[in-house]
Amino acid sequence: MNFERPDRTAVARLLREARLNWRLTRLGETLAALEPLVQMARDATELTANPVLDPGGQTRSARQTWARGAVRLAAHAAYLLGEGDRLNDILDQAAARWGEDPTLLQLAARQAIDQGLTEQAAEFARRAAMLAPRRPRILQLLARLEARLGRLEDALEAARTATRLRPRRAALRLELAHLALAAGRHDLGLAALGALIDPPHLLHARLLAGCGRWREAVEMYDRVIDEHAPLPASVSISPADSTPLSLCDGSRGVRHDRELLDAALERIDLLERLGDRDALTALADAELADPFRSPAVLVRLAEAMLNFGQARRCLALARRCRRGAESAAAFAFMSVAANLLGRAMLAERCRRRLRLQDRALLARAWRRGMMAAIISDQTSCRRAGADPTQSILEPLLSRAVEVLSQAGEQTPGYADLHYHRANCLAALGRTDEAGAALDTALTINPNYADAARLVETLRTAA
């Protein structure tokens, strides 16, 4: 074929051949067929065709129509074949001939992503979005790159623009919802999911939880678990229904289904926030009744039982996780629960199984367990009926007074210690001792404004 003055029919034949190979996924043949056309576009060879008018009324050659299409198709083929040098050569030729093209910039961004150059890819995507601000795919790519770089507000703006352009495209709404969840814009995420017929339940549950709609989120987590559980298993958080939560396939043991595991753990977190002791107890009993369970769920439920003062259930759940990745937490919870149940030897054996780096976990479990035991004892005593708040806080305030008194003996010149001790004494109704502590604090620091205000408060109350 004569490349100096090519025939329009020959060019059309080469384009048809290239497009056919493209549809048949013959990428090598596509690139080979487009090679002479790319060469012609680079050399600015004119076609023997009548000129056409662009929307601005200026005359341009028909070459402007076929040449860019041929170059874009060749660039796509080179990218999919993994021929980076060839792709870069095509991109440079196109930029020198016509300037920046949004489609080619999008390809350059994808190639930069494959090479791990996220910042460079984001720059390509931004330039493409500036040239083509109404192309949702470019905006979607830009949103993902901005999110990967930690620029969540920019990512949200790009995703919102793409969704406004194509409001019926479910993938764009899901992208926006995920970004809104990452950015903490839960209301925006729920609005994005609102137009979908069947949105992902786990994502929906997380957005509901973020908006403070915890009961609805728990119901949505139930749907996630029901969808993944083998039939005919069903789950309810009602205390009257202790049907076991199935996290496993009976023939294969524990199912490594991350979505189901996340749903189970997050549901426990929400029930604990809601203070739904009955629902958590029902779940714990269901777990104890089933021999195949996820260790992560068992340990999390053991922690929840310990936080609610149910040491016996905590011990039973933690016993099942003495091996594997959750063993350290299990032994910590077992040690605290055994201490609360008066089984000192078992508590000591469990404590010895912990390594040095696990002692912080033991201390945290001990603090929570002691707090839960105090609250459980106080709420069940007769005195709780008259003033439950005071009966729960009294042992904690008394312990705080002891600790502050010991610290004050070691550092008697520290006015803050005497002031905080006076606060605790005043809450316990021991106003004379509180006044003496405030006098000491003001002696050390006569300009202590908080201590002076507390003195006036005690005088007014008296």
Take the Cβ-Cβ distance between ARG26 and MET130 as r, set R0 to 45 Å, and report the resulting FRET efficiency rounded to the nearest 0.05. 0.80
If we sort 409-418, 325-334 on the protection proxy, mean other Cβ atoms within 10 Å, highest first, what's the order? 325-334, 409-418
Size descriptor, Kirkwood hydrodynamic radius, that averages inverse alpha-carbon separations across the range 386-461, Å: 12.6
Alpha-carbon gyration tensor eigenvalues x 5, square-rooted, for the range 146-201, Å: 18, 13, 8
Give me the extension gain from ASP187 to GLN406: residue separation times 0.36 nm, minus the current Cα-Cα distance, reported in nm with one decimal. 73.9 nm
With θ set to phi - 60°, apply the Karplus curve 6.51 cos²θ - 1.76 cosθ + 1.60 along the range 87-94 and write out the HN-Hα couplings as whole Hz, x wherever there is a Gly or Pro. 4, 4, 5, 5, 5, 5, 4, 5
Gain upon complete extension [ALA289, ARG359; 0.36 nm per residue less C-alpha separation]: 22.1 nm
Sequence ranges 343-353, 186-196, ranked by mean other-Cβ count within 10 angstrom, highest first: 186-196, 343-353
Short version: ³J(HN,Hα) in whole Hz for each residue of the range 181-189, in order, from phi by Karplus 6.51 cos²θ - 1.76 cosθ + 1.60 (θ = phi - 60°), x for Gly and Pro, what are they? 5, 5, 8, x, 9, 5, 5, 5, x
Taking R0 as 56 Å and r as the Cβ-Cβ distance between GLU83 and ALA195, the FRET efficiency 1/(1 + (r/R0)^6), rounded to the nearest 0.05, comes to 0.85
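Readers should treat all values here as calculations from the given coordinates under stated rules, not as data from a laboratory. Just so you know, these numbers come straight off a predicted model, no measurement behind them. Positions of Cβ are backbone-derived with ideal geometry, glycine not excepted, and every protein chain shown enters the neighbour counts.
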